[in-house]
Amino acid sequence: MAVYRFGRWRYSIGPRVLRLPFSFLYKLLKPLSEILTGIELPCEATIGRRFRIDHFGGIIISGDAKFGDDCILRNGVTVGLRSTGERGSPVIGDRVDIGAGAKLLGHIRIGNDVAIGANAVVLTDVPSNSIAVGIPARVLPRKPRPPSATGTADAGGVGSKEVQV
């Protein structure tokens with residue numbers, strides 16, 4: 001993330017002649033970070049706040065991909081172009097959880113509060129509050145979470161079970 005943020009920051013330097021040494025340094029650091037982490041995250045990609053990568057390695061993100069806030073990626077995820085010569089990468093909403101090995105390809109939109117299953121291949125838009133699973137991914141509505149039980153025997157501490165009274 002430090003190399004990504006450095007790459008984004010260098011664009012804020014106005015005169016090109018002043019930006020040039022920082023761009024050169026970024027071009028050295030980027031492949032080094034890719035080798036060390038197995039994550040390709042170009043500074044041209046847009047990521048939201050609290051972007052998190054769990055279990056790094058084998059992650060490829062296209063330069064024109066966009067992520068909302070609170071997104072989670074796991075190892076082996078690809079977010080990018082569907083085919084050569086075809087422009088457009090995914091635009092991903094807020095609170096999206098992307099499982100290990102998932103592929104999100106092409107100019108698609110992923111809504112808010114979406115879960116992408118492990119190894120899913122997503123080629124079409126996914127509406128908000130949905131789950132995408134399978135190859136190619138099927139979109140299923142997300143089941144609403146039951147409201148928290150009131151009147152439980154315990155306050156819900158570690159190792160406690162909720163018991164309805």
Check: Any idea which of (1) over 20 Å from His107 (Cα atoms); (2) surrounded by 16 or more Cβ atoms within 10 Å (Cβ to Cβ) is the one Asp54 doesn't satisfy?
Finding: (2)
Check: Among Ser83, Ser12, which is the only one that is more than 10 Å from the chain's Cα centre (by Cα), part of a loop (DSSP other than H, G, I, E, B), farther than 26 Å from Arg142 by Cα and outside the structural domain of Ser130 (by TED's automatic domain parsing)?
Finding: Ser12
Notebook entry, point to check: Restricting attention to segment 88-114, which residues are closer than 20 Å to Gly57 by Cα and either charged (D, E, K, R) or not in a loop (DSSP other than H, G, I, E, B) (or both)?
Noted result: Asp97, Ile98, Lys103, Leu104, Leu105
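For segment 36-46, check the following and say yes or no: at least one residue is in contact with an Asp or Glu (Cβ under 8 Å, 6 or more places away or on another chain) and among the charged types (D, E, K, R).
yes
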Notebook entry, point to check: Any idea which of (1) among the polar types (S, T, N, Q); (2) at pLDDT below 95; (3) within 15 Å of the chain's Cα centre (by Cα) is the one Thr150 doesn't satisfy?
Noted result: (3)
Margin query: If I ask for residues that are over 24 Å from Gly57 (Cβ atoms) and part of a strand (DSSP E or B), which ones from segment 115-145 would you list?
Written below: Val126, Ser130, Ile131, Arg138, Val139, Leu140, Pro141
Checklist line | Subset of segment 88-99 [surrounded by fewer than 16 Cβ atoms within 10 Å (Cβ to Cβ) and out of contact with any His (no Cβ under 7 Å at 6 or more places or on another chain)] | finding: none
Check: In this structure, does Arg49 turn out to be in the same structural domain as Ala100 (by TED's automatic domain parsing), closer than 22 Å to Arg95 by Cβ, loosely packed, with under 14 Cβ neighbours inside 10 Å and of a type in the set (Lys, Arg)?
Finding: yes
Item checked: Boolean, Ile110 is crowded, with 19+ Cβ neighbours inside 10 Å, at pLDDT below 95, of a type in the set (A, V, I, L, M, F, W, C) and in contact with a strand residue (DSSP E or B) (Cβ under 9 Å, 6 or more places away or on another chain) -> no
Margin query: Of the conditions (1) out of contact with any helix residue (DSSP H, G or I) (no Cβ under 6 Å at 6 or more places or on another chain); (2) buried (at least 17 other Cβ atoms within 10 Å of the Cβ); (3) free of Cβ contacts under 8 Å to residues at least 24 places away in the same chain; (4) not aromatic (Phe, Trp, Tyr), Arg16 satisfies every one except a single condition; which number is it?
Written below: (2)
Item checked: Residue list for segment 63-75, restricted to those being part of a loop (DSSP other than H, G, I, E, B) and surrounded by 19 or more Cβ atoms within 10 Å (Cβ to Cβ) -> Ala65, Gly68, Cys71, Arg74
Item checked: In segment 37-74, the residues that are more than 16 Å from Val121 (Cβ to Cβ), within 12 Å of the chain's Cα centre (by Cα) and of a type in the set (S, T, N, Q) -> Thr46
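The values are calculated or read from the model by the stated rules, or taken from the named source; none is laboratory data. None of these values were measured; they are calculated from a predicted model. FYI the Cβ positions are ideal-geometry reconstructions off the backbone, even for glycines, and counts take in every protein chain you see.
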